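What follows is a set of notes on a single structure, which appears directly below.
Derivation of every value follows stated rules applied to the coordinates shown; laboratory data play no part. Remember, predicted model here, so these are calculated numbers, not experimental data. Don't worry about glycine lacking a Cβ; one is built from the backbone with ideal geometry, like all the others, and counts go over all protein chains shown.
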Amino acid sequence: MTSGSNGQPLVRLSHVDKWFGDLHVLQDIDLSIDRGEVVVVIGPSGSGKSTLCRTINRLESIQQGEIFIDGERLPEEGKALARLRSDVGMVFQSFNLFAHKTVLENVTLGPVKVRKQPRARAEERARELLDRVGVGTQAGKYPAQLSGGQQQRVAIARALAMDPKVMLFDEPTSALDPEMINEVLDVMISLAREGMTMVVITHEMGFARRAANRVVFMDGGRIVESADPETFFTAPTTDRAKDFLSKILHH
Amino acid sequence: MQFLIDNFNLLWDAFLTTLSISALAGLVALVLGTLLAAARVSPIPPLRGLATFYVETFRNTPLTVVFFFLIFGLPQIDFVLGFFPGAVLSLGLYTAAFVCEAVRSGINAISTGQAEASRAIGLTFGQSLREVVLPQAFRTVVPPLGNVFIAMVKNSSIAAGFAVSELSSLLPRLVNANAAQLSAVLVGVVVAYMLITLPLAFLVHHVERRVAILR
Ligand SMILES: Nc1ncnc2c1ncn2[C@@H]1O[C@H](COP(=O)(O)OP(=O)(O)OP(=O)(O)O)[C@@H](O)[C@H]1O
Ligand SMILES: [Mg+2]
């Protein structure tokens, strides 16, 4: 796997621990993600996948360990954290488009307010991105007027508008009707092909096989196994991974 | 009726006084109440504590006591407000506590996903409030805010007890001298209040329909 231009991983988690009260949700997590790498995170419900993903842009704080994005330690709070977050795109299971703003305004808000781009330029770029994810004709509508698949593609465009260094996806297709899943996965696959660094929590094993460089399997707050998709799906080494795969692949 | 026409100037002045106390106090309450609500949801604990203290203090103090404190209490420490500014400030500071709670309930009604999405694109706490959370919160709290402001207009009558010649102060003034005109004076004053509160209620209804968000 290739390292970044400066020879260090783009995202690095080192001995990360997190508790929710007594619950030890993340246990001594070590994870490095290189530039351009696509990492799929899978594991049973409650294993800590979402929490892991959310610590990377500090929507969840951690109690121990360190997280670095592009060599910079994740700030605790304030403006420095906001700036770092602007480099980390996030796509949520429930889309979370801004309900009171049009599709176009959803995509331009970050570039205008955070990147201080002139509105005209931000809009031009937003329209390009909306075209690219296939919802260019919906720019003037409100999120509630769009289908789930369209909303999620707008959410991807919104994240892309910030030119993020890395994109996090937390089950981006699991709130979608089956016929809309592929339109979102196709956008994600093309992103992966173009070299975007991605962390994707998903149950879509087809996506993992086609687009992932690596599959990380979590259970009980730990990373239990980490391998390229072919190896992971055909020859998992741990019993827990075998057990999990037999459950999801045989129905 | 003739009695009211004869005293129209008095009634008109009192109406304008009530209207201006309400408008000015409403402005104070809206701005301060919104700032307080922002403080109550802020990530900074001392700010949250201060705002909570403010709200609990004013919500649990009778308005008359607030008036008394600002108009007669502050001069004790050589801070003389005067009756009219004292009335505006008392009513504004008091109502801000209720505005705060209404706006805060609106903020809480906005899904956490909206705030998370705005933080995820790099908006600061203040930007996230201004651009994403508050505009949606206000939409949901238009009706309760309307109630707060209608109550405030009526509460402005407390100023009558503090030498402000607003609408309610007309009742004793006119009736004491003309006992037979009691019902005329009552009708005049009630109608004058309604000239403020009914358009306010209508405005609230209108705004509520205009800003209803698709979900
Ligand atoms: N805010 C919270 N407060 C307390 N406990 C939480 C919180 N968020 C998550 N948890 C708990 O932490 C554990 C890990 O949750 P997480 O959402 O990371 O799991 P997950 O692997 O994403 O599961 P799923 O596949 O169901 O989304 C679960 O037991 C969950 O109940
Ligand atoms: Mg999850």
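Here are some notes:
- When the alpha-carbon atoms of chain A are used, the pair Rg, Dmax equals 18.0, 55 angstrom.
- Positive-end residue of B:Val88, A:Ile201, A:Val216, charge dipole of the protein assembly as shown with Cβ unit charges: B:Val88
- Residue order for B:Leu195, B:Leu19, fewest other beta carbons within 10 angstrom first, comes to B:Leu195, B:Leu19.
- Residue order, fewest to most beta carbons within 10 Å, for A:Arg121, A:Arg54, A:Arg132: A:Arg121, A:Arg132, A:Arg54
- When only the Cβ of Lys, Arg, Asp and Glu is charged (+1, +1, -1, -1), the dipole of the range B:38-196 relative to its Cα centre reaches about 220 debye.
- DSSP beta bridges in the protein assembly as shown [antiparallel fraction, %, rounded to 5]: 55 percent
- Net dipole in debye of the protein assembly as shown [+1 Lys, Arg Cβ; -1 Asp, Glu Cβ; about Cα centre; nearest 20]: 780 debye
- Fewest-first ranking of B:Trp12, A:Trp19, using other Cβ atoms within 10 Å as the exposure measure: B:Trp12, A:Trp19
- Charge context of A:Gln138, other residues only, Cβ under 14 angstrom, K/R +1, D/E -1: +3
- For the range B:1-115, a simple Cβ point-charge model (Lys and Arg +1, Asp and Glu -1, everything else neutral) yields a dipole of about 480 debye relative to the Cα centre.
- For the protein assembly as shown, the alpha-carbon radius of gyration amounts to 1.30 times the rule-of-thumb value 2.2 N^0.38 Å expected for a compact globular protein.
- Projected label points at B:Ala163 and A:Ser147, each 7 Å from Cα along the beta carbon direction, are separated by 7.3 nanometres.
- Projected label distance in nm at A:Arg210 and B:Ala151, using a 7 Å step from Cα toward the beta-carbon: 5.7 nm
- Column: log10 I(q)/I(0), Debye, Cα scatterers of the range B:84-215, q = 0.17, 0.19 Å⁻¹: -0.96, -1.08
- Length added when fully stretched, A:Lys79-A:Phe233, from 0.36 nm per residue minus Cα-Cα: 51.2 nm
- At 1.567 mPa s and 4 °C, Stokes D of the range B:130-182 from Kirkwood alpha-carbon radius, µm² per second: 94 µm²/s
- A helix-only calculation puts the protein assembly as shown at -17500 deg cm²/dmol for mean residue ellipticity at 222 nm, using -39500 (n - 2.57) for each DSSP H run of at least four residues, averaged over all residues.
- Near the amide H of A:Val38, within less than 5 Å, lie the amide hydrogens of A:Met198, A:Asn213, A:Arg214, all on another chain or at least 5 residues away, with H placed in the peptide plane.
- Pairs from A:Lys49/A:Lys165; A:Lys79/A:Lys113; A:Lys49/A:Lys79; A:Lys79/A:Lys116; A:Lys18/A:Lys113; A:Lys18/A:Lys242 whose Cα-Cα separation, in the structure shown, is over 22 Å: A:Lys49/A:Lys79; A:Lys18/A:Lys113; A:Lys18/A:Lys242
- Sparse packing (at most 10 other Cβ atoms within 10 Å of the Cβ) combined with a DSSP loop state is found for none of the chymotrypsin sites (Phe, Trp or Tyr not before Pro) in the range A:180-251.
- Across A:Gly36, A:Gly71, A:Gly148, mean-square fluctuation computed from a Gaussian network of chain A (C-alpha pairs under 10 Å connected) peaks at A:Gly71.
- Kyte-Doolittle mean at least -0.5 and Cα axial length at least 24 Å: DSSP H helices in chain B: B:8-40, B:83-109, B:134-155, B:182-211
- Protection proxy ranking of B:162-175, A:150-163, B:69-82, by the mean of other Cβ atoms within 10 Å over each peptide's residues and highest first, is A:150-163, B:162-175, B:69-82.
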